[in-house]
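S.K.: The structure's right below; bear with me while I get my questions together.
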Amino acid sequence: MATKNGGSVALLLLLLSFLLSSPLPAWGDAPFPVNVWPKPTSMSWAEPHMAVRVSSSFHVVAPSGNAHLLSAARRYAALLLAERYRPLVTPAVNVTAGGAGAAGRGAELGYLTLAVSDLHAPLQHGVDESYALEILPAGAAATVTAATAWGAMRGLETFSQLAWWCGRERAVLVAAGVRVEDRPLYPHRGLMLDTGRTYFPVADILRTIDAMAANKMNVFHWHITDSQSFPLELPSEPALAEKGSYGDGMRYTVDDVKLIVDFAMSRGVRVVPEIDTPGHTASWAGAYPELVSCAGEFWLPDASDWPSRLAAEPGAGQLNPLEPKTYQVMSNVINDVISLFPDGFYHAGADEVTPGCWNADPSIQAYLARGGTLSRLLEKFVGAAHPLIVSRNRTAVYWEDVLLDQAVNVTASAIPPETTILQTWNNGGNNTRLIVRAGYRAIVSSASFYYLDCGHGDFVGNNSAYDDPRSDYGTSGGSWCGPYKTWQRVYDYDVAGGLTDEEARLVVGGEVAMWTEQVDAAVLDGRVWPRASAMAEALWSGNRDATGRKRYAEATDRLTDWRHRMVGRGVRAEPIQPLWCRTRPGMCNLVR
């Protein structure tokens with residue numbers, strides 16, 4: 001249970017003694033008997049490695065004043081008491097005898113104390129997530145010290161990963177004589193989930209957010225709507241979900257959103273909503289057919305002429321910026337969504353605006369005949385939406401296309417860098433460089449590294465390319481962004497690679513992206529985890545050791561262990577190697 005923070009002179013003296021007697025070496029490359037994912041910035045475990053039993057009455061002593069932290073404290077106390085994780089390799093530790101414990105079993109750890117400087121710091125971009133964790137050698141005391149509640153949550157997660165079930169002792173053990181000092185490299189470490197193409201029940205979203213928190217990821221980018229469906233119920237525009245969702249039981253209510261946002265906040269995870277406009281809006285046509293160009297048209301009129309397409313994939317339809325009512329509906333949507341989601345970011349999409357769709361609209365054809373351009377048409381739309389977003393005290397986030405697309409783009413004056421962040425997804429580090437050199441902050445989601453849907457072929461049917469049995473030999477196998485992104489591919493990517501120090505400061509972090517044309521609840525966990533874990537560590541503590549060398553070889557066994565623990569927590573993560581490899585360190589490497 002969580003109780004008010006009392007503190008004691010004896011506890012402070014014990015901690016001070018430990019601080020003075022124990023130097024704090026960097027972790028280095030050597031793994032510990034039990035490891036933490038993502039790897040902390042700095043950790044030491046006194047030798048010989050010791051562990052202490054966890055008392056059956058274990059609780060977290062948390063300061064009152066922050067309901068989300070109190071919720072986290074209760075949750076982690078319950079998690080520790082129910083822990084049944086058995087490491088794949090038995091930890092080589094000594095169980096401390098200490099003083100007499102319950103029933104003469106020796107020392108037991110009865111509680112962990114949280115000490116937080118600022119309980120009221122809001123969960124927002126750039127909030128301090130640093131923490132320090134101390135578990136005294138005899139297990140006499142454990143403390144997490146943090147500047148904010150959100151840092152304290154990160155410390156609780158680290159503490160939970162230092163515990164395991166010991167069958168020989170028939171008890172939960174936790175490492176003793178441990179010191180951790182930790183903070184993230186990047187303030188934005190996210191996962192994007194697309195619920196426009198596939199509806200995911202709320203329970204699956206909550207499980208995903210819970211797994212994100214366990215990996216110290218802090219941004220759930222919710223790509224809520226797309227051309228295929230509009231599943232979000234909005235008070236001012238109820239017809240959008242009524243006529244644009246997949247049907248009853250496949251909509252998110254206002255209460256669903258409140259539940260998701262509160263659940264996430266109790267785990268230190270921000271929820272950033274995305275309503276993609278003006279492209280990817282065919283689902284709006286059920287409620288407002290007069291606002292959507294090329295709605296209901298076949299997406300690829302001439303399969304031999306890709307530039308003539310009406311959409312990037314099946315589901316053609318784009319909002320028409322020349323229709324006055326577009327702005328009334330858009331304004332209602334933005335205001336409702338901002339009222340539902342408290343985060344300081346609002347993602348407005350603006351990717352893949354397809355020229356063929358607007359060119360097929362008679363009103364836009366007349367506009368072009370009068371000397372208009374598609375780029376000016378997009379700028380008209382963005383120029384109306386962006387000030388509205390900013391007026392609601394939000395930073396506007398767009399996909400990179402709004403500035404970098406070769407055919408349809410806006411000028412920088414329409415999206416001032418001071419109030420705008422761009423999310424990059426094409427051309428690897430090259431587009432990141434273009435964005436930051438233009439003065440924008442960047443979220444990196446390069447499809448070549450961070451798109452988790454890639455490598456599963458394409459979903460369009462009636463494809464004669466497969467008539468030739470050699471059609472996908474030596475190619476991406478029908479997936480535009482293939483091949484499959486392995487965890488090592490994700491782990492090795494440097495989101496600020498090739499940038500100057502000044503440019504790199506504009507990279508706020510990254511997101512792995514789970515587009516869902518071929519994903520539903522049955523396969524979600526395995527597609528996301530543990531590959532998202534690889535990005536989580538790279539953005540938390542980096543993918544290099546103290547010498548600057550990539551540490552993927554050392555990370556392999558740790559990720560196998562972490563995946564095993566995640567499965568025990570109810571996350572159906574994919575394996576990365578046979579268990580044979582974990583019990584024979586180094587034998588499954590390509591190079592000895």
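The values are calculated or read from the model by the stated rules, or taken from the named source; none is laboratory data. Please read these numbers as outputs of a predicted model, since none were measured by experiment. Cβ sites come from the backbone with ideal geometry, for glycine too, and all protein chains shown count toward neighbours. Surface accessibility is based on the protein's heavy atoms, side chains included, excluding ligands, DNA and RNA. Shrake-Rupley method; radii C 1.70, N 1.55, O 1.52, S 1.80 Å.
This table checks each residue for (1) at positive phi; (2) open to solvent by less than 80 Å² (accessible area, probe 1.4 Å); (3) among the polar types (S, T, N, Q).
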residue: 464; (1), (2), (3): no, no, yes
residue: 468; (1), (2), (3): no, yes, no
residue: 471; (1), (2), (3): no, yes, yes
residue: 477; (1), (2), (3): yes, yes, no
residue: 483; (1), (2), (3): no, no, no
residue: 505; (1), (2), (3): no, no, no
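S.K.: Moving to a separate point now. Report every pair of residues separated by at least 6 positions or lying on different chains whose Cβ atoms are under 6 Å apart, first residue within the range 324-337 and open to solvent by 10 Å² or more (accessible area, probe 1.4 Å) and of a type outside the set (Phe, Trp, Tyr), second at pLDDT 95 or above and not in a helix (DSSP H, G or I).
M.R.: From residues that are open to solvent by 10 Å² or more (accessible area, probe 1.4 Å) and of a type outside the set (Phe, Trp, Tyr), the pairs are 332/236; 332/237; 336/234; 336/235; 336/236.
S.K.: Before we move on, is residue 371 of a type in the set (Gly, Ala, Ser), over 23 Å from residue 340 (Cα atoms) and in a loop (DSSP other than H, G, I, E, B)?
M.R.: Yes; evaluated as a whole, the condition is true for this residue.
S.K.: Scan 501, 472 and give me the residue that is modelled with pLDDT under 95 and among the acidic types (Asp, Glu).
M.R.: Result: 472 is the single residue among 501, 472 that is modelled with pLDDT under 95 and among the acidic types (Asp, Glu).
S.K.: Could you list, in sequence order, the residues of the range 283-335 that are closer than 11 Å to residue 357 by Cα and of a type in the set (A, V, I, L, M)?
M.R.: Matches in the range 283-335: 292, 295, 300, 310, 311, 312, 316, 319.
S.K.: Turning to a different aspect of this structure: Residue by residue through the range 354-364, note down the ones that are in a helix (DSSP H, G or I) and either touching a Phe, Trp or Tyr at 6+ places or on another chain (Cβ under 9 Å) or in contact (Cβ under 8 Å) with a residue 40 or more places away in the chain (or both).
M.R.: Of everything in the range 354-364, those that are in a helix (DSSP H, G or I) and either touching a Phe, Trp or Tyr at 6+ places or on another chain (Cβ under 9 Å) or in contact (Cβ under 8 Å) with a residue 40 or more places away in the chain (or both) turn out to be 355, 356, 357, 358, 363, 364.
S.K.: Here is a further query. Given (1) among the charged types (D, E, K, R); (2) touching a Ser or Thr at 6+ places or on another chain (Cβ under 9 Å); (3) over 22 Å from residue 45 (Cβ atoms), identify the lone condition not met by residue 134.
M.R.: Exception for residue 134: condition (3).
S.K.: Could you pull out the residue among 537, 554 that is in contact (Cβ under 8 Å) with a residue 40 or more places away in the chain, outside any loop (DSSP other than H, G, I, E, B) and in contact with a Pro (Cβ under 6 Å, 6 or more places away or on another chain)? Write out each step before concluding.
M.R.: Details: 554 fails: in contact with a Pro (Cβ under 6 Å, 6 or more places away or on another chain).
Of 537, 554, the one residue that is in contact (Cβ under 8 Å) with a residue 40 or more places away in the chain, outside any loop (DSSP other than H, G, I, E, B) and in contact with a Pro (Cβ under 6 Å, 6 or more places away or on another chain) is 537.
S.K.: So is residue 495 closer than 30 Å to residue 311 by Cα and touching a strand residue (DSSP E or B) at 6+ places or on another chain (Cβ under 8 Å) or not?
M.R.: Numbers: closer than 30 Å to residue 311 by Cα: yes; touching a strand residue (DSSP E or B) at 6+ places or on another chain (Cβ under 8 Å): yes.
So residue 495 passes the test.
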